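The values are calculated or read from the model by the stated rules, or taken from the named source; none is laboratory data. As the structure is a computational prediction, the values presented were derived from the model and not from experiment. When we count neighbours, we look across all protein chains shown, and the Cβ atoms used for this are built from the backbone with ideal geometry, even at glycine.
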Amino acid sequence: MDKLSIVVPCYNEQETVNIFYRETTKVVDAMNMDYEIIFVNDGSRDNTLEELVKLHDAHPGIVKVIDFSRNFGKEGGLLAGLENATGNYVTVMDADLQDPPEYLPKMFEAMNQQHVDIVGTRRVTRKGEPKIRSFFARQFYKLINKFTEVEIVDGARDFRLMTREVVDSVLSLQEYHRFSKGIFAWVGYKTVYLEYENVERVAGETSWSFWKLFAYAIEGIVAFTVAPLRMATISGIFVSIIAFLYMIFVFGKALIVGDPVAGYPSMVVIILFLGGIQLLSLGIIGEYLSKTYMETKKRPKYIVRKKYE
């Protein structure tokens, strides 16, 4: 019989994990298949672990809990869940029910009818999100898709159904800095997307602030394209050409017309402009060097304090 592994990274989700379990098992029980739910407690500071242990004790063999030694981020939680999943089908879901469990049967139906390896989900609206966050999210997808060799679908969620072959391919990529949306696209395989309108959290508050999302976007760009490095090089060449032409113009004008060389104000503007370009370029290079530095350390992507199996 087929088995479904449901991976659920959790950070400060004490108010949602029981609701998630109740609503999700209601759907999966009707699907007539074996399943397991792997909760990954990503260093929560509330009572998330206590609630998960209660679920594990009440439902042995179904609920598994992986408790991290500290907060390692959602990417670490997602990776740990995938590495411990034993099903021949695997899905990733958020504990806040923004990933509707009722879509699971639809995902299996789409996979079987269309003979694909991945059935993903994407939001067609961002109702309930702050407008500035929605704006920058759309711009991020436009920007990264201009430079990457694979398409990262706008509005795509981590919520997707994958075959075991896809999961094994994802796990074969062992980089330290992971950007799962990009990795899911990079491994390829036949993929279709189911669309739905944005669903707000069932309880609690999100831990994703604007700046955390911004840092995550930078992570994705640096992980999947070297375009910023090329842009730094091109801007350096462009500014050098402009500076050279301006130098010829200034000295030519001084020799022919007799005007003195431009004075202090114009010199300050030029210096500040060139300094800004140099600092920007150094910052871009520094981002790539820092990622390379962390990769060479070969540190584990997460540390497990205890498993409840």
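Quick look at the numbers
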read-out	value
In the stretch 45-93, the residues that are of a type in the set (D, E, K, R) and modelled with pLDDT of 85 or more	Arg45, Asp46, Glu50, Glu51, Lys54, Asp57, Lys64, Asp67, Arg70, Glu83
Elements of type strands (runs of 3 or more DSSP E) in the stretch 1-110, at least 2 residues being more than 22 Å from Met162 (Cα to Cα) and in contact (Cβ under 8 Å) with a residue 12 or more places away in the chain	63-68
Residue count for the stretch 111-125, restricted to those that are under 21 Å from Ala185 (Cα atoms) and part of a loop (DSSP other than H, G, I, E, B)	4
Extreme residue, surrounded by the fewest Cβ atoms within 10 Å (Cβ to Cβ), among residues of the stretch 134-176 that are hydroxyl-bearing (Ser, Thr, Tyr) and at pLDDT below 65	Ser134
Qualifying positions in the stretch 96-133 - among the β-branched types (Val, Ile, Thr), at pLDDT 85 or above and exposed (fewer than 12 other Cβ atoms within 10 Å of the Cβ)	none
Met294 vs. criteria within 30 Å of Met231 (Cα to Cα) and modelled with pLDDT under 70	no
Number of positions in the stretch 45-71 that are crowded, with 19+ Cβ neighbours inside 10 Å and in contact with an Asp or Glu (Cβ under 7 Å, 6 or more places away or on another chain)	4
